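Below: the structure, in structure tokens.
The values are calculated or read from the model by the stated rules, or taken from the named source; none is laboratory data. On a predicted model such as this, the values are computed, not experimentally measured, just so you know. All Cβ positions, even for glycine, are placed from backbone atoms using ideal geometry, and neighbour counts span all protein chains on display.
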Amino acid sequence: MRKTRYGMAALAAGAALVLSACGGGSGSNGGGGEASGGGDTVRIGIKFDQPGLGFKNGNEYTGFDVDVAKYVAKELGYAEDKIEFVESPSANRENMLANKQVDMIFATYSITDERKKTVDFAGPYFVAGQDLLVRADDNSITGPDSLNGKNLCSVTGSTSAQRIKDEHAANVNLVERPSYAECVTAMQGGQIDAVTTDDIILAGLAAQPNNAGKYKVVGNPFSEENYGVGLPKGTDKCADINAAINKMIDDGAWEEALKKNTEGVDYTYNKELNPPKPGDACA
């Protein structure tokens, strides 16, 4: 098992964010409308509540997923002002692609065999690892195998909590919430012992001003999460998107975007797995 070091995150540079991060969230733009399908604009699904990855503040969209999406869209011929970002909660992503509400999704969307039954994936463009967020003074939880009898929260539609139950702690009590903000609120109130999702998401959450000193990432990742670009099944866009991702990596823009979006966060990505190298076909 590879380990990624974490300390308590410093304040994220320029972050003036409310307690809101990761996973789901209410899809304010997630319903209705039809994707452009190759017209003058492109509709791209992102998260609106993941600081450092996909975050909406007024009319501004920031984060690593957003920067990768902009780069890929440019390579596909879409200027930045031709991108429409659409909120894509975890539980809605497959349906949004199937219903043509979005053209593609960059939303910490892990490539899995189950998901590949209904959507295609280009990429991956980043490899994260699943980890745990706990209270700063809790030393009883050191990894997934120490969760038996604990209350564990994750977001509806994610695979994180179920993986722990299936592979590590059969007696864990799983609690699902629409967003990780609600998970953390429940942990602050004592109803939840830990929150689980990908390490880069948890690190961004722990770094927020409202959370400083309250929570810590365990720092014992136990999976490989390959973030892919979600696409409608049967797409012919994988090769072009993969070429764009590889170009972003080769010209240094990938590293620059990752560094910018994790500034002030005590996070070190796994350099044995990153940057990934997408092939010519769908993942």
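Selection within the stretch 38-54: residues that are outside any strand (DSSP E or B) and within 11 Å of the chain's Cα centre (by Cα). The member of this set that is nearest to TYR71 (Cα to Cα) is LEU53. Among the residues here, LYS70 qualifies as under 17 Å from the mean Cα position of the chain (by Cα) and farther than 24 Å from TYR180 by Cβ.
Take the residues of the stretch 212-230 that are out of contact with any helix residue (DSSP H, G or I) (no Cβ under 7 Å at 6 or more places or on another chain) and either in a helix (DSSP H, G or I) or of a type in the set (A, V, I, L, M, F, W, C) (or both): which is modelled with the highest pLDDT? So, considering only residues that are out of contact with any helix residue (DSSP H, G or I) (no Cβ under 7 Å at 6 or more places or on another chain) and either in a helix (DSSP H, G or I) or of a type in the set (A, V, I, L, M, F, W, C) (or both), the one modelled with the highest pLDDT is VAL218. Any chance the stretch 177-197 includes a residue that's of a type in the set (Lys, Arg), more than 19 Å from the chain's Cα centre (by Cα) and either surrounded by fewer than 21 Cβ atoms within 10 Å (Cβ to Cβ) or outside any loop (DSSP other than H, G, I, E, B) (or both)? Scanning the stretch 177-197 turns up no residue that is of a type in the set (Lys, Arg), more than 19 Å from the chain's Cα centre (by Cα) and either surrounded by fewer than 21 Cβ atoms within 10 Å (Cβ to Cβ) or outside any loop (DSSP other than H, G, I, E, B) (or both). Scanning the stretch 137-151 for residues that are touching a helix residue (DSSP H, G or I) at 6+ places or on another chain (Cβ under 9 Å) and under 24 Å from ALA212 (Cβ atoms) yields SER140, ASN151. Among the strands (runs of 3 or more DSSP E) contained in the stretch 55-139, which hold 1 or more residues that are at pLDDT 95 or above, touching a strand residue (DSSP E or B) at 6+ places or on another chain (Cβ under 9 Å) and farther than 30 Å from ILE192 by Cβ? Per the criteria, 83-87, 119-128. The set of residues from the stretch 202-211 being out of contact with any Leu (no Cβ under 6 Å at 6 or more places or on another chain) and either outside the structural domain of THR142 (by TED's automatic domain parsing) or assigned to a loop (DSSP other than H, G, I, E, B) (or both) comprises just one member, ALA207.
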